[in-house]
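This report refers to the structure that appears directly beneath it.
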Amino acid sequence: MTAARVRVSLRRESEDRSYDILIRRGALEELGAGNISLPPGSSYSIVTDSNVARLHGRRLKGALSKQYHEVDLVVFPAGEATKSLETASNVATRLNELSVDRNGVILTLGGGVVGDLAGFVASVYKRGIRYVQLPTTLLAMVDSSIGGKTGVDTPWGKNQLGTFHQPELVIADPDVLKTLPPQEMYNGLAEIVKCAIIADPAMFVRLRDLTKFDAETLSGFIVNACRIKARVVSTDEREANLRTVLNFGHTVGHAIERSSDYQLAHGACVFLGMLAESWIARHLGLLAESDFKEITELLQRLSGAAARPESLNPDMLVAYARADKKALSSTLRMSLPSKVGMMHSTRDGSFMVPVPQETFRHSIQYLKDVLS
Ligand SMILES: NC(=O)c1ccc[n+]([C@@H]2O[C@H](COP(=O)([O-])OP(=O)(O)OC[C@H]3O[C@@H](n4cnc5c(N)ncnc54)[C@H](O)[C@@H]3O)[C@@H](O)[C@H]2O)c1
């Protein structure tokens, strides 16, 4: 059985904000049974969404109430639309009604929406309290629960209000994925494949044989992906340079997601983004033809059943990519692979490569050809 403890190492001169990611099947049951300890606190507030509350939240609250004195469940409606300042304010108001003080601990139980929103509340409630991430989607396990980026969406864009606030602990239990709708798996799978391309050639090879999406098979990939994200975040917490490699596939991917008015799933867009950005890497002479072929074959196989955009408009996508926070002035900049398991770095050590707008447009034409 796959089980691992991965360390996010954030020891700096004056403080140590390092924490563990515990990945183990049955971990939530163990937490409820008292076999895994939570950080000491005056209260524990499980913040979750309406779907996860029904499937896992109420049971966890019941189990934790046997171990700890003050345990509450704070529920908000599921869905990206509720990842807003208004919901954050409602959650904070509820915490206050429950008399949660500065020693209270928030337990974020859910996918990336819950983790981002409740992490954001934790970072500002009474000037910041501690929180533990309990991710319940594949995406949250391998990506959003690690690294301390929190935030809410605004009318002018996704994640436009946010903070860096690291959790005390992350506990990922692959068994909870049994209740996750299959289409949600693609979001996490895209991030796992991304990790293999940017940093793990051995995982890349194993992904070629991936056909089952059961908890045991996924556990190994979750551990690998968490190790990679933990390593990157430990080196570059604030995305000054190395952390930008995690954006591979996301510049084009975000533009496609936005052009679909967020109707297309994030994972489907990231798969397409990785195809287009691999094409760009090959076009710029950074990625050899053989590696390009290997990468695009894997991406196409694993994203086979994901939803596709109805149309792709290169001009609109360029405009959206330029508006993306990663595009400084009018120059598009991306992190691109140099081979399977390695990202290109420039002579001055930067992982961001300038990409001409014309090249971006051509990559969209390549995508259209792939999809036709
Ligand atoms: N902070 C970061 O570093 C980071 C990184 C990537 C993505 N994100 C954010 O993550 C969010 C997307 O996260 P997501 O894909 O997990 O979506 P999500 O949180 O909306 O969850 C998807 C759906 O699955 C349901 N769900 C969650 N766990 C379940 C389970 N075990 N069984 C059944 N249903 C379950 C949810 O209720 C929801 O309906 C976005 O807002 C994105 O901006 C943040």
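Laboratory data are not the source of any read-out in this text; all were calculated from the coordinates shown. Keep in mind the model is a prediction, meaning the values are calculated, not measured. Ideal geometry is used to build each Cβ from the backbone, glycine not excepted, and the neighbour counts take in all protein chains shown.
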Review point. Which of Ser123, Met316, Thr235 sits closest to the plus end of the dipole of the chain, meaning its Cα is farthest towards the positive end, when Lys and Arg get +1 and Asp and Glu get -1 on the C-beta?
Key: Thr235
Review point. For the stretch 22-74 and the stretch 291-359, what is the separation of their C-alpha centers, rounded to whole Å?
Key: 39 Å
Point to revise | Nearest-20 debye value, the stretch 136-281 charge dipole, Cβ charges on Lys, Arg, Asp, Glu | key: 260 debye
Check your understanding: Nearest 20 debye, what's the magnitude of the dipole of the stretch 278-372 about its Cα centre given +1 on Lys and Arg Cβ and -1 on Asp and Glu Cβ?
Key -> 200 debye
Review point. Within a Cβ distance under 10 Å of Arg258, other residues only, what is the Lys/Arg minus Asp/Glu net charge?
Key: -2
Point to revise | Karplus-derived HN-Hα couplings along the stretch 242-250 (A = 6.51, B = -1.76, C = 1.60, θ = phi - 60°), whole Hz, x at Gly and Pro | key: 4, 4, 5, 5, 5, 8, 3, x, 8
Review point. Any idea what the relative contact order of the chain is, in percent, if you count C-alpha pairs under 8 Å spaced at least 6 apart?
Key: 15 percent
**Study point:** Nearest-ten-degree value, helix 215-235 long axis tilted from longest Cα axis of the chain
**Key:** 80 degrees
Exercise for review: Indicate the gyration tensor shape class of the stretch 238-372 (rounded, prolate or oblate), computed on the Cα atoms with a ≥ b ≥ c the square roots of the eigenvalues: a/c under 1.5 is rounded; otherwise a/b larger than b/c is prolate and the rest oblate.
Suggested key: oblate
**Study point:** Violating pairs (Cα-Cα greater than 23 angstrom) within the set Lys158/Lys194; Lys229/Lys368; Lys229/Lys339; Lys66/Lys126
**Key:** Lys229/Lys368; Lys66/Lys126
Review point. Is the shape of the stretch 303-370 best called rounded, prolate or oblate, per the rule: a/c under 1.5 gives rounded, else a/b larger than b/c gives prolate, else oblate, with a ≥ b ≥ c the square roots of the Cα gyration tensor eigenvalues?
Key: oblate
Exercise for review: Enumerate the aspartates and glutamates that Lys293 could reach by cross-link, defined here as Cα to Cα under 14 Å, with residues fewer than 8 away along the same chain left out.
Suggested key: Glu277
Point to revise | Other-chain or far-sequence residues with amide H under 5 Å of Ile106's (modelled H) | key: Ser45, Arg130, Tyr131, Val132
Point to revise | Magnitude of the charge dipole, the chain, Cβ model with Lys/Arg +1 and Asp/Glu -1, debye to 20 | key: 400 debye
